[in-house]
Amino acid sequence: MTQHTDQPDDRISEPLASASAEIDTKPKVSVVIPAMNEMRTIDKIVHEARSVHPLTEVIVIDNGSQDGTAMIAAQAGARVIRYAAALGHDVGRSIGAREARGDIILFTDGDIVIGANNLIPFVEAVDRGVDVALNMYEGKLRSSEITTVALCKKVLNAMLQRSDLGGSSLTTIPHAMSRRALNIIGLESLAVPPKAQAIAITKGLLVQPVHFVDVGAVNPKRRKKPDPLVPLITGDHLEAIHWLLSQEGPRANFSDLGRKRERVVD
């Protein structure tokens, strides 16, 4: 049986059994799944991911798990890359993308089971020419107020002159991108999803919301209050804005409408 684990210096090195032979031909699609202690869901997630295209490789980045996540993922047919310690938020996606061989890279998470029928539209969109295919989900929007995360997404898209995207964001799974998009964005920037989105749009890549998956409804986890991810995601958006201003100037190419500022100091 072919072994599906990689063993760099800082990865766990024990062999894992695999339930399927490795794809001999180059895959069309690579599905990247960061996971940490997801033994309850990872088998179903890998199964759905393997069904998105006949030539699909599934890469699970086992992010410091202490349960049977890695073994279950390998037995389900995934290639598993194991790290003994947690990598930090979104780093696993960059590592998985680095290892991916497909022309289309699809990203999802190890804690939410999403059926293949809701993953395939992202693959199909990239296959027909979209560079970055986003989930149409914009977060839990309330009539009386907008959440901090939803506001961050909308503000960044507006600054990128893509208000049409609403709150669609690379912060939200699932999403997919072309090999060309991955090369332009770069692996390091991919670990900060809003920055990756800013780079993609600024560099002229075709970024589109293509399909709605209500991940808020299917996410089984109830986060602590206050949610520790809110300041992280806010900081990610600030980093993206900083990058945008460094590239496009202090007004990010928005017009000053002929304002004669120099007259103030005359």
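The figures follow:
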| item | result |
| --- | --- |
| Test: residue in the stretch 238-260 that is in contact with an Asp or Glu (Cβ under 8 Å, 6 or more places away or on another chain), modelled with pLDDT of 90 or more and not in a strand (DSSP E or B) | no |
| Residue list for the stretch 45-88, filter: touching a residue at least 60 places away in the same chain (Cβ under 8 Å), part of a loop (DSSP other than H, G, I, E, B) and under 16 Å from PRO174 (Cα atoms) | SER51, VAL52, HIS53 |
| Matching entry among ALA86, ALA73, ALA150 (being at pLDDT 95 or above, out of contact with any Pro (no Cβ under 7 Å at 6 or more places or on another chain) and of a type in the set (Gly, Ala, Ser)) | ALA73 |
| One residue from GLY216, GLY204 being in a loop (DSSP other than H, G, I, E, B) and small (Gly, Ala, Ser) | GLY204 |
| Search result, residues across the stretch 21-75 that are at positive phi and touching a helix residue (DSSP H, G or I) at 6+ places or on another chain (Cβ under 8 Å) | ASN37 |
| Given (1) among the β-branched types (Val, Ile, Thr); (2) touching a helix residue (DSSP H, G or I) at 6+ places or on another chain (Cβ under 8 Å); (3) touching a residue at least 40 places away in the same chain (Cβ under 8 Å); (4) surrounded by fewer than 18 Cβ atoms within 10 Å (Cβ to Cβ), number of the condition THR171 does not satisfy | (4) |
| Residue ID - nearest to ARG128 (Cα to Cα), chosen from residues in the stretch 220-236 that are exposed (fewer than 13 other Cβ atoms within 10 Å of the Cβ) and of a type outside the set (D, E, K, R) | PRO220 |
| Residues of the stretch 103-159 satisfying the condition of being of a type in the set (A, V, I, L, M), within 16 Å of ILE201 (Cα to Cα) and either without any contact (Cβ under 8 Å) to a residue 24 or more places away in the chain or not in a helix (DSSP H, G or I) (or both) | VAL130, VAL132, ALA133, LEU134, ALA158 |
| Only listed residue being touching a residue at least 24 places away in the same chain (Cβ under 8 Å), farther than 18 Å from VAL130 by Cα and loosely packed, with under 12 Cβ neighbours inside 10 Å, chosen from GLU188, GLU239 | GLU188 |
| Condition check for THR108: crowded, with 24+ Cβ neighbours inside 10 Å, among the β-branched types (Val, Ile, Thr), out of contact with any Ser or Thr (no Cβ under 6 Å at 6 or more places or on another chain) and over 26 Å from PRO250 (Cβ atoms) | yes |
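The values are calculated or read from the model by the stated rules, or taken from the named source; none is laboratory data. Because the structure is predicted, anything quoted here is derived from the model rather than measured. So basically every Cβ, Gly included, is an ideal-geometry build from the backbone, and we count neighbours across all protein chains shown.
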